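Chemist: Mind looking over this structure? Questions follow.
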Amino acid sequence: MSESVFIAAGAAVFLIGLYGLFALPDLLRKIVAANIATGGVFLILLAAARTAEQQTADPVPQALVLTGIVISVSLTAFALSLLRRLVELTGSDRLDEGEGE
Amino acid sequence: MSLLRPVLAVLAGLSAALIAAVTLRGPRHAGLDAAVTRTLEASGVEHGVTAVLLNFRSLDTLLEVAVLLVAVVAAAALPATGERRERQPVENPMVDWLVPRLVIFAVLMAAYLFWAGSTRSGGAFQGGTVLAAAGILLLLASRWRQPPGRLLWRALLSLGLIAFLGFGLIAALFGGGVLVYPPAMAGALILAIELALTLSIGACLFALVSGARGAGDE
């Protein structure tokens, strides 16, 4: 059951990414944290893909993760272009926060 | 604000623990490995992951290529930056010597990865990424010429999606349905689709990194 280690590690990485996504004020760091969270999810998917009987891994989760990586790259690139545009327009790299925070 | 972060940490921890618990303690399923191995011969390729990506779940891959293209279009739709810094061309004898050789090697690598997808790990996405990396290397070394023309560049970006859709519709003429490849020609169809996809994914990824200038209004 050594995949339990990887599942736990993937969940930990997901935790870090999720926390960073919501807690960090910088938009760039939020984007990076979202990427870290997707890395954690891929780790969980791949760790759960190993079947106990054969040593080969289930190919369907591997294909899902490949698809997920490409989509995450595309959307990260789009998010970064949006961030660059936001910095151009407003000069700040964080979203508006309320007074007194 | 001082209370927010611990609460967020606890919530994130709870959700991660929930995911881990469900994955670890959930009912063990045998997985789809046996099903894939059983039908691998009818898929036209010899590698399980490639067969799933390009035959059994080809709809997912089609939509994924569409997402990639939409991201390029969306990034290109943003207005160009106001000021362009004049980029100093990189003058360095090591760059002069290394970059052309690395680019040639990268193109060879991309071709091998595309070809190897039929029998082992590899395929269109892997080859396309290496092609995009070669383009980024040229861009960073200031040796990237302008893309050959807006229409041609846009055609290259959308070639993968169009080929995928086109071959899927052609496969429907053989009676199975859209994206259902008859086993006799599945191997050739998949290779043709992967060729178009490799070029197109390389162009799309490069366009995403270089700011999608060539596809926009400039």
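Chemist: Applying 1/(1 + (r/R0)^6) with R0 = 51 Å to the Cβ-Cβ distance of B:Leu173 and B:Ser2, what FRET efficiency is obtained, to the nearest 0.05?
Modeler: 0.20
Chemist: Over the range B:30-156, calculate the relative contact order: mean separation of alpha carbon pairs under 8 Å at least 6 apart, over the residue count, as a percent.
Modeler: Over the range B:30-156, the number comes to 23 percent.
Chemist: Let me ask something else about it. Return the calculated 222 nm mean residue ellipticity for chain B, to the nearest 500 deg cm²/dmol, obtained by summing -39500 (n - 2.57) across DSSP H runs with n ≥ 4 and dividing by the residue count.
Modeler: So the helix-based figure for chain B works out to -22000 deg cm²/dmol.
Chemist: Right, something else. Over chain B, calculate the relative contact order: mean separation of alpha carbon pairs under 8 Å at least 6 apart, over the residue count, as a percent.
Modeler: 27 percent
Chemist: Placing +1 on the Cβ of each Lys and Arg and -1 on the Cβ of each Asp and Glu in the protein assembly as shown, which of B:Phe56, B:Ala171, B:Val7 has its Cα farthest towards the positive end of the resulting dipole?
Modeler: Most positive-ward Cα: B:Ala171.
Chemist: Let me ask something else. Each label point is 7 Å from the Cα along the Cα-to-Cβ direction; what then is the distance between the points at B:Leu59 and A:Arg94, in nm?
Modeler: Modelled inter-label distance: 4.5 nm.
Chemist: Note down the magnitude of the dipole of chain B about its Cα centre, charges +1 on Lys and Arg C-beta and -1 on Asp and Glu C-beta and zero elsewhere, to the nearest 20 debye.
Modeler: Taking the Cα centre of chain B as origin, the dipole is about 320 debye.
Chemist: When the helices in chain A are scored as -39500 (n - 2.57) per DSSP H run of 4 or longer and the sum is shared across all residues, what 222 nm value do you end up with, to the nearest 500 deg cm²/dmol?
Modeler: -26000 deg cm²/dmol
Chemist: Another one. Just want the answer: with Cβ charges of +1 for Lys and Arg and -1 for Asp and Glu, which residue in B:Leu159, B:Val90, B:Gln126 is farthest toward the dipole's positive end in the protein assembly as shown?
Modeler: Toward the positive end, the furthest listed residue is B:Val90.
Chemist: Where the convex hull is taken over the Cα atoms of the protein assembly as shown, what is its projected area averaged over directions, in nm²?
Modeler: Answer in nm², one decimal: 20.5.
Chemist: Determine the dipole magnitude for the protein assembly as shown: charges of +1 sit on the beta-carbon of Lys and Arg, -1 on that of Asp and Glu, nothing else is charged, the reference point is the Cα centre, and the result goes in debye to the nearest 20.
Modeler: The calculated dipole for the protein assembly as shown is roughly 300 debye.
Chemist: Calculate how large, on average over all directions, the projected area of the Cα convex hull of the range B:14-58 is; give the answer in nm² to one decimal.
Modeler: Approximately 4.2 nm², given one-decimal rounding.
Values quoted throughout were computed directly from the atomic coordinates according to the rules given, and no laboratory measurement underlies them. Computed from a predicted model, the values in this text were never measured in an experiment. Here Cβ is always computed from backbone atoms with ideal geometry, including for glycine, and neighbour counts include all displayed protein chains.
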